[in-house]
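A.B. asks: I have a structure here, written as structure tokens, and I will follow up with some questions on it.
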Amino acid sequence: MAGSRASQPTVVRTRCELDGVLALARGAERRVGLVPTMGALHAGHAALLREARADADLVVTSIFVNPLQFAPGEDLHRYPRTWDADLETCAREGVDVVLAPDVADIYPDGPDGGVSVDPGPLGAVLEGAARPGHFRGVLTVVAALVGLVRPATAWFGAKDYQQLVLVRRMVRQLSQRVDVRGVPIVREPDGLALSSRNGYLDADQRRDATALWRALQAGSGRGSAGPAEVESAARAVLDGVSGLWPDYVSVVAPDLAKPPDSGPSRLLVAARIGETRLIDNAAVDLGLSAGGG
Ligand code: PAF
């Protein structure tokens, strides 16, 4: 049952089942934490679950492949579904409740039911420019999950940096009573950021994919020369890999606005390798000595 780290999490599939589990937790004044996921859990997700476990009395993770955040022609149908392994990860990380709803439980009027969260102009740049409608889908499902679970805190990975910024903005703008926390990117030993989509890569593509991390390192090492130099150093690394098609290489302020002349900023990169789109990002100190992370 909920609360014991060695035990299997309680799996709930409907609003009604979730309400039952949460009513018990709230009656006992337990702090509820939420880790929203689409499953295919890897060590990056495990890091989120660990943060949640250290903070919350009752850890809920959702496993829901959200159709609304995939554009037609994207990988909705081949997105990895690894239920048994995911449950093992949840048990190992001490998750209390796994929420695995059907589409109808999240979207009672259907995913295109007419009501959704508009991410505003920041949802149409960078990832949003390449994936129209993506952040509308992400924010709508996160709003639904927050409404269902009503957590005190929710954790998101920093690899999806634009998503993290937009979720924070939504929560502020819509006065949602949840503390949003970002968790640093988890990387393979060769620097590749962990992603459920890394499994799509064959051996050559997997090798080429390390270029994203090398580009971030090259770019962040040029922080003292300003954003244009950062971008061109990063782009040169990506351009040097023949099987990789860079999409954007962009320095932005931490809130995704225009970068400052000096101070903390973020370098964001996206590239396609074969059919697989990969993203990554790192901190850059503009006008100061080099930074990364
Ligand atoms: O980052 C993800 O896995 C998804 O975008 C999220 C936040 C679970 C919403 O579906």
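The values are calculated or read from the model by the stated rules, or taken from the named source; none is laboratory data. Only a predicted model underlies this, so the values are computations on that prediction, with no experimental measurement involved. No Cβ is skipped: glycine too gets one built from the backbone with ideal geometry, and neighbour counts run over all protein chains shown. Each accessible area value is taken on the protein alone, full model and side chains, heavy atoms only, with ligands, DNA and RNA left out. Shrake-Rupley method; radii C 1.70, N 1.55, O 1.52, S 1.80 Å.
A.B. asks: What is the magnitude of the charge dipole of segment 1-149 about its Cα centre, with +1 placed on the Cβ of each Lys and Arg, -1 on the Cβ of each Asp and Glu, and no other charges, expressed in debye to the nearest 20?
C.D. replies: On the way: 13 positive and 19 negative charges, 50 e Å.
It works out to roughly 240 debye.
A.B. asks: Given axes a ≥ b ≥ c from the Cα gyration tensor, I'd like to know whether the chain is rounded (a/c under 1.5), prolate (a/b larger than b/c) or oblate.
C.D. replies: Cα axes put the chain in the prolate bin.
A.B. asks: Let me ask you something else. Using a Förster radius of 22 Å, what is the FRET efficiency between Asp285 and Asp57 based on their Cβ-Cβ separation? Nearest 0.05, please. Write out the running numbers ahead of the final one.
C.D. replies: Numbers: r = 38 Å, r/R0 = 1.71.
It comes out at approximately 0.05.
A.B. asks: OK, next. Using alpha carbons only, how many degrees (0 to 90, rounded to 10) separate the axis of helix 43-55 from the longest principal axis of the chain?
C.D. replies: Between the helix axis and the principal axis of the chain, the angle is about 50 degrees.
A.B. asks: What number, rounded to the nearest 500 deg cm²/dmol, is the helix-based mean residue ellipticity at 222 nm of the chain, given -39500 (n - 2.57) per DSSP H run of at least four residues and division by all its residues?
C.D. replies: Calculated at 222 nm, the ellipticity per residue is -10500 deg cm²/dmol.
A.B. asks: How much area per residue is accessible in segment 3-61 when the probe is 1.4 Å and only protein heavy atoms are counted (Å²)?
C.D. replies: 45 Å²
A.B. asks: Can you tell me the order of 26-39, 54-67 when each peptide is scored by its average per-residue count of other Cβ atoms within 10 angstrom, highest first? Walk me through the numbers on the way to the answer.
C.D. replies: Details: 26-39: 19.0, 54-67: 21.5.
Descending mean neighbour count gives 54-67, 26-39.
A.B. asks: Going by accessible area, probe 1.4 Å, with all protein chains left in place, what is the ranking of Leu99, Leu41, largest first? Walk me through the numbers before you get to the answer.
C.D. replies: Values: Leu99 5, Leu41 25 Å².
Of Leu99, Leu41, the descending order of accessible area is Leu41, Leu99.
A.B. asks: Now, a different point. Mind putting a number on the dipole of segment 168-293 about its Cα centre? Charges go on the C-beta only, +1 for Lys and Arg and -1 for Asp and Glu, and I need it in Debye to the nearest 20.
C.D. replies: Values: 16 positive and 15 negative charges, 109 e Å.
About 520 debye.
A.B. asks: Net charge within 14 Å of Gly287 by Cβ-Cβ distance, Lys/Arg positive one each and Asp/Glu negative one each, not counting Gly287 itself?
C.D. replies: Working: positive: Arg222; negative: Glu229, Asp261, Asp285.
Counting the neighbours of Gly287, the net charge comes to -2.
A.B. asks: Continuing with the same structure: Between Ala104 and Thr210, what is 0.36 nm times their sequence separation minus the Cα-Cα distance? Round to one decimal in nm.
C.D. replies: Numbers: separation 106, 0.36 × 106 = 38.16 nm, distance 3.89 nm.
Answer, rounded to one decimal: 34.3 nm.
A.B. asks: Same structure, new question: Give the angle, between 0 and 90 degrees and rounded to the nearest 10, that separates the Cα long axis of helix 134-149 from the longest principal axis of the Cα atoms of the chain.
C.D. replies: 30 degrees
A.B. asks: Here is a follow-up. Select from Leu24, Leu68, Tyr107 the residue farthest towards the positive end of the dipole of segment 1-123; place +1 on Cβ of Lys and Arg, -1 on Cβ of Asp and Glu, and compute about the Cα centre.
C.D. replies: Leu24
A.B. asks: Report Tyr200's accessible area, 1.4 Å probe, all protein chains in place, as a number in Å² to the nearest 10.
C.D. replies: Approximately 50 Å² of Tyr200 is accessible to the 1.4 Å probe.
A.B. asks: Calculate the FRET efficiency for Arg150 and Asp75 from the Cβ-Cβ distance with a Förster distance of 41 Å, rounded to the nearest 0.05. Numbers along the way, then the final one.
C.D. replies: Details: r = 31 Å, r/R0 = 0.76.
Plugging the Cβ-Cβ distance into 1/(1 + (r/R0)^6) gives 0.85.
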